[in-house]
Each structure stands twice: as structure tokens, then as C-alpha cells.
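Written below as C-alpha cells is the structure these notes are about.
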Amino acid sequence: MAPTSLSDLKRKDLLQTKGFINGEWVPAKSNKTFPVLDPATLNHLADIPEMGASDAALAVDAAHTSFTTFRKTTGRERARLLRRWNDLNLLHIDDLALILTLENGKTLAEAKGEVLYATSFLEWFAGEAERTYGEVIPSANVNQRILTFKQPLGVAACLAPWNFPIAMITRKVGAALAAGCTTVWKPAGETPLSALAQAVLAHEAGFPAGSINVVTTLDLVAEVGKELCTNKKVKKVSFTGSTRVGKILAGHCAGAVKKMSLELGGNSPFIVFDDAKIETAVEACVVAKLRNSGQTCVTANRIMVQRGIYDQFAEVLSKRIGGMKVGRGTDEGVAIGPLTHERAVQKAMNHINDAKKHGGQVILGGAPIEGTKGYFIQPTIIKNMSQEMLTTREETFAPVVGLYKFDTEEEAINLANDCDVGLGGFIITENMARSWRVVEALEVGMVGVNQGMLSAAENPFGGVKESGYGREGGAQGIQEYLAVKSMLINVSV
Ligand code: SIN
């Protein structure tokens, strides 16, 4: 029998319902809690501490004290801890995937994929921990030598979203710990259980008390975010989430000129040229649009198809998506789970209705799924999309595919760039010269060519414009948690 509830966990202590501060499982100072629900059934999963600013300050204090010793560990010691944490994740992948599916809604297959994606950051940063090289710089002064080395910044606050509750923790925290920083994690209120299970395993791997701390909150998120951004003991804030909240946090951080990484909203163009292979285009679109039920920051949001291939692409895509089963992530054969919260269904319906009002033609789906308590919406395809529609400006964050038509390469580039944000983009073409031209012209941080996936631990992940700054993963990821120090030596006799 496939597991369907938290009572099916093989390792029961992976389910934790308290915050984690200085190596201890603790309630909120106020003793208040908030409920975590399964978005597929609205079943109650757990009650979790509603922590506030004073709890966050305690976590920061613990991380600050821990930093005095943790900063002196060698890269190799930290690499070993990260590898142990990685191995523990692999050992408990089934339990971790179950917790993730139950609180986020994604299918068990996708949840296992996320655990593997998450561990890839631990492995990657284990390697990077020992490679934080400095430089020897030729000096213009014959009596001087200059060299640089890198030092950890200090306490890093890692604010993770609900769409990838494990991978976004390891992508941030893996880099921070590899660099020698200590950490305070703030998981999303919708999905704290996955982060708490990660704290169990990181602690078991041997990370010392105070180097990892988890502050849980739902309603007090603004107050906790403010504390983490304004507390002077925090030297780095990494946030993944909306552009709106990113701007607020950046404002808080400005007071102490605090270093930040911001991975904010996207509105990814997905451009299919006439010369594309139709199967490649359809499969890439399914991945780019439907992964995590359309709830990724890099999800294809504006699907632009050149006129010559438009109707054929719409037809093949419609057959492909129409055959995908929607349901509870733990059920056999399900390819698309629920959305993670109720507001998401309403937002998707607003986008669909707005498109219809402006002449959009729904050729698949178009409505919530009736007869279920969960946050389900039918996978939807809309033809005849136009610029004035809501989806052009806002991420839909749902399995809703809006098909825009274009004629020329130049037109596609202009439409794609007519946007305030620039995280990911995708192009489908068999023309090598065109792929170079378009990749160079798109105002985004990452472009997938003939594929719908941008995620890899070794890839620097991040955007331009209002999608934020900084990169996570890749050789750049660890640098976000390091400061360069230079040493100038007088060698005159
Ligand atoms: C995100 O949605 O922010 C992350 C997606 C990914 O890493 O693939």
C-alpha cells in the first residue's frame, strides 16, 4: 500500500511540531500555534508554533554565538557534515517525500524529485566548501605584495518559499554552512514540516547547536521577517518569494546595508519558433508549465508560438495535457496535484475569466474541480491570448496555459522583454544561430533552450530586473555568503 498519511512515516521523529533553536525543540514564547493543512483534502496535519520577533531574536542570538566557533571549522570539516546530511536525506527519501506531498500537494514522484534536487545542493556545496580560493595580486608597488582571502559573513537568515520547501532550504543553507556562516531558517507557514524534518537530519549529521535554527510562523511572518532583516547580528538575508515582499525586505535591510540575495517573481516567456520540433516543444512546455502544478518561480507564464505552428502546437499540447490525471499527490498515476492554498484557485480563475472577457478561447479545462475539498483546478489551455490580459503582467501560478501568437523573431523578443521582471525564459528552435541571438536578447537570468527545466545545483539560479539579484547554486552560490578580505604586505628591507 502506498503511504497516504503522516502515520505511515517509517521514521516517526521526522515529524516535528516545534521550532528549533540552539539545538532544542521549542514552542513559541507566546505558546500560540497555527495549523498546517493538506491542500488536497484540507485534513489537519499538525499545529506548529506561531513564533514572533522575540523568538526570532533568540534564534539569531544562538546563531551569533555559534558563529564564534563554527567560523573556525575548516572547509573539509564542513564538507563532511554536508555529505552526512546529504546521505541522511537519501536514506529517508520516502518519508521526506511523504511529508512534502502532504503539506504542499505535489505528487509523490515530484516530491522524491525535490528531495534529490535538494540533496544535490548539499553535495555541490560540500565540494565548494573547500574551494573558496583567494588571489595573489601583482602589485604596482615593488615593495608591496597583495593577496585576498574569503571569510564567512556571519549569521545568515534564510527565508524559504512553500513551492520547494526542502530544496530552497538546502540551496540557501547548504551554501551558507559551506561558507562557514551559521543560519536561521524561516520556512513558509504553509509548509514548515519539511524544513523541520531537515533540521532533524542536519542536527543528526553533526551540525553544532546554534548553527541551524528554525523559526516557524504564519500570521506573524511580517514581524519575523522585519526582525531578521533589521537585527544587527544578522549579516546576510536570502529570500525567495514575491517581488512585493522582496521589496519590503530590501527596505528593512537597507538600514544596516545588509547583504541580500533575492530570488523574486518571474513571468517567464516560453517561445516556440516555426522551426521547432513539435514533440520537443510540447514536452518542454509540459515541464516548464506543469511542474509543481504550475507553481514555480520560473514557470512558463507567457507561451508564445509562431503563427505557422500555432494551431498544431495547441492541438498536440491539448491532447498531451488532457491525458494527465489530476488528484491527490499520494494517489497512483496522478500527474498534477492541487494548488497549495485557496487563494491560488481564485487567482487562476480570475486570469481565466479575464482572458475570456478579452477574447480568449478556452480549449481545455477552465474551471475548478468540483466534488473535492482540496484546492484543485482543471489544467487549462487558452488560445488567442493578447497583451491586455492579466496573465501578460502577472504570474498565474497554476496549470493554466495561455497561448500567444507572434510572427517574427523581433516581435517575440520585444513581447518577452516588455515586462518588469526577468527570471527565466525558454526558447524552442532547431536553428542554432537563432538560439544564440534570442538567448542574448532576452532580459532574464536563465534561458532553457529546447528544454523546460532550468534547475541544477551547478547552475547559477537567479534573475535580473525586478526578479532580484544574487545567484543561488553554481560557483556563485557560496560567494553570496563570503566577504573578500585583502592583505597588503610591506616587503621592503
Ligand atoms: C523556484 O520556483 O523558486 C525554484 C524553482 C527551481 O529551483 O527549479
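The values are calculated or read from the model by the stated rules, or taken from the named source; none is laboratory data. Bear in mind that the values here come from a model prediction, so they are computed numbers and not experimental data. As a convention, Cβ positions derive from the backbone with ideal geometry for all residues, glycine included, and neighbour counts pool all protein chains shown.
Can you report the number of residues in segment 287-309 which are within 10 Å of residue 401 (Cα to Cα) and within 14 Å of the ligand (Cβ to nearest atom)?
5
Identify, by number, the condition in (1) in a loop (DSSP other than H, G, I, E, B); (2) away from the ligand (no atom under 16 Å from the Cβ) that residue 176 doesn't meet.
Failed condition: (1).
Of the residues that sit in segment 239-265 and are part of a loop (DSSP other than H, G, I, E, B), within 13 Å of the ligand (Cβ to nearest atom) and modelled with pLDDT of 95 or more, which one is nearest to residue 435 (Cα to Cα)? It would help to see each step written out before you state the result.
At the first step, the residues of segment 239-265 found to be part of a loop (DSSP other than H, G, I, E, B) are 241-242, 255-258, 264-265.
If we keep only those that are within 13 Å of the ligand (Cβ to nearest atom) too, we end up with 241-242, 264-265.
Okay, now just the ones that are also modelled with pLDDT of 95 or more, so 241-242, 264.
Details: 241: 30, 242: 29, 264: 26 Å.
Here the residue is 264.
Taking strands (runs of 3 or more DSSP E) that do not extend beyond segment 405-493, which have at least 2 residues that are loosely packed, with under 14 Cβ neighbours inside 10 Å?
482-490
For residue 171, state whether it is in contact (Cβ under 8 Å) with a residue 60 or more places away in the chain, more than 23 Å from residue 57 (Cβ to Cβ) and not in a helix (DSSP H, G or I).
Details: in contact (Cβ under 8 Å) with a residue 60 or more places away in the chain: yes; more than 23 Å from residue 57 (Cβ to Cβ): yes; not in a helix (DSSP H, G or I): no.
For residue 171, the condition - in contact (Cβ under 8 Å) with a residue 60 or more places away in the chain, more than 23 Å from residue 57 (Cβ to Cβ) and not in a helix (DSSP H, G or I) - is not met.
Please work out which residue is nearest to the ligand (Cβ to nearest atom), limiting yourself to segment 270-281 and to residues that are in a helix (DSSP H, G or I) and surrounded by fewer than 24 Cβ atoms within 10 Å (Cβ to Cβ).
Of everything passing the filter in segment 270-281, 280 is nearest to the ligand (Cβ to nearest atom).
Determine which member of the set 97, 56 is touching a helix residue (DSSP H, G or I) at 6+ places or on another chain (Cβ under 8 Å) and either surrounded by fewer than 18 Cβ atoms within 10 Å (Cβ to Cβ) or under 22 Å from residue 215 (Cβ atoms) (or both).
Unique residue meeting the criteria: 56.
Please work out if residue 210 is more than 17 Å from the chain's Cα centre (by Cα) and of a type in the set (Gly, Ala, Ser). Lay out the reasoning, then the answer.
Details: more than 17 Å from the chain's Cα centre (by Cα): yes; of a type in the set (Gly, Ala, Ser): yes.
Criteria met by residue 210.
For residues that are in contact with a strand residue (DSSP E or B) (Cβ under 8 Å, 6 or more places away or on another chain) and surrounded by fewer than 19 Cβ atoms within 10 Å (Cβ to Cβ), scanning just segment 346-361, find the one that is farthest from residue 4 (Cα to Cα).
This residue is 359.
In segment 1-17, which residue that is part of a loop (DSSP other than H, G, I, E, B) and over 24 Å from the mean Cα position of the chain (by Cα) is surrounded by the most Cβ atoms within 10 Å (Cβ to Cβ)? So that I can check it myself, show each step before the final result.
First, pick out the residues of segment 1-17 that are part of a loop (DSSP other than H, G, I, E, B): 1-5, 9-11, 15-17.
Filter once more, keeping what is over 24 Å from the mean Cα position of the chain (by Cα): 1-5, 9-11.
Values: 1: 4, 2: 9, 3: 17, 4: 17, 5: 13, 9: 19, 10: 10, 11: 14.
Here the answer is 9.
Could you check segment 233-256 and list, in sequence order, the residues that are under 17 Å from residue 481 (Cα atoms), within 17 Å of the chain's Cα centre (by Cα) and not polar (S, T, N, Q)?
Residues satisfying the conditions are 237, 239.
Does any residue in segment 289-304 that is among the charged types (D, E, K, R) and at pLDDT below 95 come within less than 7 Å, Cβ to Cβ, of a residue that is in a helix (DSSP H, G or I) and within 8 Å of the ligand (Cβ to nearest atom) six or more places away or on a different chain, and which pairs are these?
Here the result reads none, with nothing in segment 289-304 linked to a residue that is in a helix (DSSP H, G or I) and within 8 Å of the ligand (Cβ to nearest atom).
Looking only at segment 257-284, which residues are acidic (Asp, Glu) and within 19 Å of the chain's Cα centre (by Cα)?
If the condition is that a residue be acidic (Asp, Glu) and within 19 Å of the chain's Cα centre (by Cα), then 263 is the only one that fits.
Within segment 148-160, take every residue that is away from the ligand (no atom under 15 Å from the Cβ) and small (Gly, Ala, Ser) and give me the one that is farthest from residue 237 (Cα to Cα).
Per the criteria, the residue is 154.
Do we find that residue 293 is more than 25 Å from residue 443 (Cα to Cα), buried (at least 24 other Cβ atoms within 10 Å of the Cβ) and of a type outside the set (Phe, Trp, Tyr) in this structure?
Numbers: more than 25 Å from residue 443 (Cα to Cα): yes; buried (at least 24 other Cβ atoms within 10 Å of the Cβ): yes; of a type outside the set (Phe, Trp, Tyr): yes.
Yes: the conditions hold for residue 293.
If residue 392 meets every condition in (1) within 21 Å of residue 464 (Cβ to Cβ); (2) under 21 Å from the mean Cα position of the chain (by Cα) apart from one, which number is that one?
(2)
Given the conditions (1) of a type outside the set (Lys, Arg); (2) under 27 Å from residue 221 (Cα atoms); (3) more than 17 Å from the chain's Cα centre (by Cα); (4) within 16 Å of the ligand (Cβ to nearest atom), report the number of the one that residue 170 does not fulfil.
Every condition holds for residue 170 apart from (3).
Read through the list (1) surrounded by fewer than 22 Cβ atoms within 10 Å (Cβ to Cβ); (2) part of a helix (DSSP H, G or I); (3) in contact (Cβ under 8 Å) with a residue 12 or more places away in the chain, then give the number of the only condition that residue 68 fails.
Going through the list (1) surrounded by fewer than 22 Cβ atoms within 10 Å (Cβ to Cβ); (2) part of a helix (DSSP H, G or I); (3) in contact (Cβ under 8 Å) with a residue 12 or more places away in the chain, residue 68 breaks only (3).
Please tell me if residue 284 is crowded, with 19+ Cβ neighbours inside 10 Å, within 14 Å of residue 270 (Cα to Cα), within 14 Å of the ligand (Cβ to nearest atom) and not aromatic (Phe, Trp, Tyr).
In short, no.
Do you know which residues across segment 32-65 are small (Gly, Ala, Ser), in a loop (DSSP other than H, G, I, E, B) and more than 23 Å from residue 108 (Cα to Cα)?
Filtering segment 32-65 down to residues small (Gly, Ala, Ser) leaves 40, 46, 52-54, 56-57, 59, 62-63.
When the remaining residues are screened for being in a loop (DSSP other than H, G, I, E, B), the result is 40, 52.
Once the filter is applied, which keeps residues that are small (Gly, Ala, Ser), in a loop (DSSP other than H, G, I, E, B) and more than 23 Å from residue 108 (Cα to Cα), segment 32-65 yields only 52.
Looking for whichever is surrounded by fewer than 24 Cβ atoms within 10 Å (Cβ to Cβ) and within 16 Å of the ligand (Cβ to nearest atom) here; the options are 140, 188, 109, 118. Which one fits?
Every option except 109 fails the conditions.
Taking segment 255-269 as the region of interest, how many residues are in contact (Cβ under 8 Å) with a residue 40 or more places away in the chain, surrounded by fewer than 20 Cβ atoms within 10 Å (Cβ to Cβ) and among the small types (Gly, Ala, Ser)?
0
Return the only residue of 240, 230, 191 being more than 14 Å from residue 55 (Cα to Cα), in contact with a His (Cβ under 7 Å, 6 or more places away or on another chain) and among the β-branched types (Val, Ile, Thr).
Going through 240, 230, 191 in turn, the sole match is 230.
Could you say which residue among 131, 78, 145 is away from the ligand (no atom under 16 Å from the Cβ), of a type in the set (D, E, K, R) and in a helix (DSSP H, G or I)?
Criteria check complete, one pass: 78.
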